[in-house]
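The values are calculated or read from the model by the stated rules, or taken from the named source; none is laboratory data. It should be emphasised that the depicted structure is a prediction, and the values quoted were computed from it without experimental measurement. Here the Cβ positions follow ideal geometry from the backbone for every residue, glycine too, while neighbour counts run over all protein chains shown.
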């Protein structure tokens, strides 16, 4: 990072209340915790979970599981970032059990990322560096609870500069604990990409979940 970049990336004085929520050193630690607290499974729901991942590097948030081996994580992240992927990758890794239309965030994603970069590069104190997920092609007045593709699990990612670092808060309507590893790999890739463009380090990530279930056996996720 150049001296000019460091000067431009000034941060507002702040008090982050996420210090009062559970903190996890890595994405793996949060994943294990979410699996544990949702262990009853089925229709059991944990409401309003908030937690913080302190190391939000891609390496920290690469959590391989039986459902999500490394190839699957990388495929879904490419897809949601709006990057190119091959037909062979789609054939090998795309599965409904790994999340369907509700977890497909790619529409307009490259434009949304570019907007966030421009926002924080132009006005580092901005509170408008937001990546909205649903309603990429239609307004929210068209909300329809029966449309799975419209009812995205992640609603927004809020990016902000604090303590000289790029931090992020994710607002999630619905999280299946066994799919969380796919989400944080994508979120970490996105945040690290933006940080690289801005020339700053990555700080912690705060994960807000309204509805947290063990897996997709729960009704109307």
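Yes/no matrix, rows are residues, columns are (1) surrounded by 15 or more Cβ atoms within 10 Å (Cβ to Cβ); (2) farther than 23 Å from residue 176 by Cβ; (3) touching a helix residue (DSSP H, G or I) at 6+ places or on another chain (Cβ under 8 Å):
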{"residue": "17", "(1), (2), (3)": "no, yes, no"}
{"residue": "24", "(1), (2), (3)": "yes, no, yes"}
{"residue": "34", "(1), (2), (3)": "yes, no, yes"}
{"residue": "39", "(1), (2), (3)": "no, no, no"}
{"residue": "44", "(1), (2), (3)": "no, no, no"}
{"residue": "68", "(1), (2), (3)": "yes, no, yes"}
{"residue": "86", "(1), (2), (3)": "no, yes, no"}
{"residue": "93", "(1), (2), (3)": "yes, no, yes"}
- Task: For residue 56, work out the one condition from (1) at pLDDT below 95; (2) in a loop (DSSP other than H, G, I, E, B); (3) under 18 Å from the mean Cα position of the chain (by Cα) it doesn't fulfil.
- Result: (1)
- Name the residues in segment 176-199 that are surrounded by fewer than 22 Cβ atoms within 10 Å (Cβ to Cβ) and either within 12 Å of the chain's Cα centre (by Cα) or in a loop (DSSP other than H, G, I, E, B) (or both), would you? 189, 192, 199
- Does at least one position in segment 158-173 carry a residue that is in contact (Cβ under 8 Å) with a residue 40 or more places away in the chain, under 23 Å from residue 213 (Cα atoms) and loosely packed, with under 15 Cβ neighbours inside 10 Å? no
- Query: Could you say whether any residue in segment 118-134 is in contact (Cβ under 8 Å) with a residue 24 or more places away in the chain, closer than 30 Å to residue 64 by Cα and exposed (fewer than 12 other Cβ atoms within 10 Å of the Cβ)?
  - Reply: no
- Note on the structure: Counted residues in segment 141-175 being over 19 Å from residue 115 (Cα atoms), touching a helix residue (DSSP H, G or I) at 6+ places or on another chain (Cβ under 6 Å) and in a strand (DSSP E or B) come to 0
